[in-house]
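The values are calculated or read from the model by the stated rules, or taken from the named source; none is laboratory data. Everything quoted here is computed from the prediction, not taken from an experiment. Please note: Cβ atoms are built from the backbone with ideal geometry, for glycine as well, and neighbour counts cover all protein chains shown.
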């Protein structure tokens, strides 16, 4: 079984912390074919003692192989009032590039991640995982939120097809979240 992680690249001078992380798995069916997507939303804050660089890198380890088409930036969807309310599950106030959620405290900026800023860094061909480096453009002292969608190319790591009566199929998914932790 693979794992999900958000890492500081070794080359990263700027340290950050993950305040919140949201993940969603979507399975879409078209004419008997299934497509799998994994959405990740990460609320990041730069550490107080971090150097004040213009941007910083985040590495995301996913528990499955992803499509070569890259990842899709979902910042425009987060800035839509109706969609943001569904993503966060509570009342959301959206103002141009900022989002305020009363239970989160301070408002945060939603950051768009250009396609060329998300690079797959593993070339092992391993179907159990993939590693992406995301260059996050952000002002140093602010919280920022990025939301990305990855197309899963090999869902068999956590998805099973189980044949039953007369070629009908039952699907069974399995994902395990153990705990979040900060390792320094």
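Structural remarks
Conditions tested, residue by residue: (1) over 10 Å from the mean Cα position of the chain (by Cα); (2) modelled with pLDDT of 75 or more.
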| position | (1), (2) |
| --- | --- |
| 10 | yes, no |
| 17 | yes, yes |
| 21 | no, yes |
| 44 | yes, yes |
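- Failed criterion for residue 74 (all others in (1) under 18 Å from residue 16 (Cβ atoms); (2) modelled with pLDDT of 90 or more hold): (1)
- As a summary of the residue check, residue 64 satisfies the conditions (1) farther than 16 Å from residue 132 by Cβ; (2) in contact (Cβ under 8 Å) with a residue 60 or more places away in the chain except for the one numbered (1).
- Among the residues making up the range 71-80, those that are touching a strand residue (DSSP E or B) at 6+ places or on another chain (Cβ under 6 Å) and either in contact (Cβ under 8 Å) with a residue 40 or more places away in the chain or exposed (fewer than 12 other Cβ atoms within 10 Å of the Cβ) (or both) are 71, 72, 74, 75, 78.
- Options 35, 59; residue that is touching a residue at least 60 places away in the same chain (Cβ under 8 Å), surrounded by 12 or more Cβ atoms within 10 Å (Cβ to Cβ), closer than 15 Å to residue 134 by Cα and out of contact with any helix residue (DSSP H, G or I) (no Cβ under 8 Å at 6 or more places or on another chain): 59
- Tabulated pairs, the range 88-102, first at positive phi and free of Cβ contacts under 8 Å to residues at least 60 places away in the same chain, second part of a loop (DSSP other than H, G, I, E, B) and surrounded by 16 or more Cβ atoms within 10 Å (Cβ to Cβ), C-beta under 9 angstrom, 6+ apart or interchain: 96/79
- Applying the criterion of at least 3 residues that are modelled with pLDDT under 90 to the strands (runs of 3 or more DSSP E) found wholly in the range 82-184 leaves 118-120, 130-137, 143-152, 159-164, 168-173.
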